[in-house]
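Step one of this worksheet: look at the structure below.
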Amino acid sequence: MNLTTVIFYVLSAILIFASLRVVTAKNPVHAVLFLVLAFFTSAGHWLLLESEFLAITLVLVYVGAVMVLFLFVVMMLDINIEKLREGFWKNLPVAATVGIIMVFEMALILMSPQAGLAEYKAAAPLAADFSNVKMLGSQLYTTYLLPFEIAAVVLLLAMVAAIGLTMRSRKDTKAIDPALQIQVKSADRVRVVKMDATQPESETSVDEAAAAKSGEQQA
């Protein structure tokens, strides 16, 4: 067993532990932090495969952007943890059974002769000047161009659907119609009122008028 194999098993053990803690952690902030740890260990697996670009992309995109956003959202929301965890231990045996069945099926498929893993040979070490970014780009925009474009369209539709669900008309949502805003004219919003100019009365005349009014009431 060489050093690469030892590092692989250590990273795999950390990844399995972090994945389990994501599901079983009581605090959602701790769950997000364990998910960040899982992404870091996954990036380590990419480094073992000499795919430095995918490793740094996983760290920058998921850990540096997506998970930071998740962490801020979870910390800002007032989440009732006890209510969310209702029925967790009740449904745990069913979930564990399904998970064990899935692991058994995956092991059965990978260990079958049809998988051809026994014939798989270790990849030869890459040259020092090899660029996996160039190789990934050439494969992505030549061999896998159509699946790449389809994935981009699906992500665009998902983004439009998310915006549509967020901006749907609800009673507690204040929405603005851009078409009505464009049709508004200044004459409909501003009204000019013409009034005659008046001269303010002096304090003496006001006092005299008040005295005269009080004298009339006494009479």
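The values are calculated or read from the model by the stated rules, or taken from the named source; none is laboratory data. A quick note: this is a predicted structure, and the numbers were derived from the prediction, not measured. All Cβ positions, even for glycine, are placed from backbone atoms using ideal geometry, and neighbour counts span all protein chains on display. All accessible areas refer to the heavy atoms of the entire protein, side chains included, with ligands and DNA or RNA removed. Shrake-Rupley method; radii C 1.70, N 1.55, O 1.52, S 1.80 Å.
Structure above, values below:
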| quantity | calculated |
| --- | --- |
| Projected label distance in nm at GLN181 and PHE53, using a 7 Å step from Cα toward the beta-carbon | 4.1 nm |
| Hydrodynamic radius (Kirkwood) for the range 33-154, which is based on Cα pairs only, to one decimal in Å | 19.0 Å |
| Accessible area of the range 1-107 belonging to carbon and sulfur atoms, whole % at 1.4 Å probe | 76 percent |
| ILE100 accessible area, assembled protein chains, probe 1.4 Å, Å² | 120 Å² |
